[in-house]
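Below is one structure; the comments refer to it alone.
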Amino acid sequence: MFIMESMSKKKPRPRRSFTSEFKAEIVELCQRGDRSVRSGREDFDLTETAVREWLKQAERDAGTRTDGLTTSEKDELAQLRRENRRLREDVEILKRATAFFASRRSGELLSVHRGREAGRPHREAGV
């Protein structure tokens, strides 16, 4: 019972971020054999999972592992996802603008505000 009580009081560690240089130094120490994953974890107050993931990523980047994306591939994927999101937003804006200008030609006023359906007529207050 005492163990369960002490476990519930343990606060989660805040998420930390590390520079790529620091990660590379830890990976190099482990790969050279100067430090084991466990001693590297203890000496630098890291989690074993983090050190193991850094080692795996270094192996992917070096081409000795093929079970995931390299760092450059991850960076490219993130950049492409950002660009894709921006292009989708641009397309949505253009669709709304097209609907707006098409309705002006026909004399019908349409709302182009977010949350309104394209093609739905704008109703003025009291109408």
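The values are calculated or read from the model by the stated rules, or taken from the named source; none is laboratory data. The shown structure was predicted, so the numbers you read here are calculated from the model rather than taken from an experiment. Cβ placement follows ideal geometry from the backbone for every residue including glycine, while neighbour counts extend to all protein chains displayed. For the accessible areas, the whole protein counts, side chains as well, though only heavy atoms, and no ligand, DNA or RNA atoms are used. Shrake-Rupley method; radii C 1.70, N 1.55, O 1.52, S 1.80 Å.
If you check Glu92, Glu73, which single one turns out to be among the charged types (D, E, K, R) and more than 20 Å from the chain's Cα centre (by Cα)?
Checking each option against the conditions leaves just Glu92.
Which of the residues that make up the range 28-60 are over 15 Å from Thr71 (Cβ atoms) and of a type in the set (A, V, I, L, M)?
Matches in the range 28-60: Leu29, Val37, Leu46, Ala50, Val51.
Does Arg96 satisfy being exposed (fewer than 10 other Cβ atoms within 10 Å of the Cβ) and either modelled with pLDDT under 95 or of a type outside the set (Asp, Glu) (or both)?
no
How many residues does the range 14-55 contain that are part of a loop (DSSP other than H, G, I, E, B) and of a type outside the set (Gly, Ala, Ser)?
10
Output the residues belonging to the range 56-82 that are part of a helix (DSSP H, G or I) and open to solvent by less than 70 Å² (accessible area, probe 1.4 Å).
The answer is Lys56, Gln57, Ala58, Glu59, Arg60, Thr71, Leu77, Ala78.
Kindly list the number of the only condition in (1) modelled with pLDDT of 95 or more; (2) open to solvent by less than 80 Å² (accessible area, probe 1.4 Å) that fails for Val51.
(1)
From the residues in the range 25-41 that are within 11 Å of Arg52 (Cα to Cα) and among the charged types (D, E, K, R), which one is surrounded by the fewest Cβ atoms within 10 Å (Cβ to Cβ)?
Arg38
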